[in-house]
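This report concerns only the one structure given below.
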Amino acid sequence: MSTQAPLLVLTIQSTSGVLKDKTFNANEPVRAVKVSSMAQLKIDPSAASKYRLVLNGQPLPEDKTLVELNVPNGATLTLELTGAEVI
């Protein structure tokens, strides 16, 4: 008998667009959610270090899973740049 990991339906919003009602494994690390979302939003995943996921104004630690952070089903996460790049 196999135990399936719980699934969460989340919305990811960014300046590049919105991923509405995307399903993620609740045991998935935040970094994996971020990189997957970036690819779907056509943002180069190799630039992942320049972005973070935020829930209710609080940046999410990338080494934690969605379930460890108590991210609720139906939540909206914001993908945002971590800071302005100075040229």
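Assorted remarks:
- Going through (1) surrounded by 16 or more Cβ atoms within 10 Å (Cβ to Cβ); (2) farther than 20 Å from Leu7 by Cβ one by one, Pro61 falls short only on (1).
- Within the stretch 36-56, the residues that satisfy the criterion of being assigned to a helix (DSSP H, G or I), surrounded by fewer than 18 Cβ atoms within 10 Å (Cβ to Cβ) and not small (Gly, Ala, Ser) are Gln40, Pro45, Lys50.
- Condition check for Glu68: free of Cβ contacts under 8 Å to residues at least 12 places away in the same chain and among the charged types (D, E, K, R): yes
- Tally of residues being over 11 Å from the mean Cα position of the chain (by Cα) and among the β-branched types (Val, Ile, Thr) across the stretch 45-71: 1
- Filter result (touching a residue at least 24 places away in the same chain (Cβ under 8 Å), in a strand (DSSP E or B) and either surrounded by fewer than 16 Cβ atoms within 10 Å (Cβ to Cβ) or not aliphatic (A, V, I, L, M) (or both)) within the stretch 8-24: Val9, Thr11, Gln13, Ser14, Gly17, Phe24
Laboratory data are not the source of any read-out in this text; all were calculated from the coordinates shown. Predicted model, so just to flag it, every value in this text is computed and none were measured. Cβ atoms come from the backbone with ideal geometry, glycine included; neighbour counts cover every protein chain shown.
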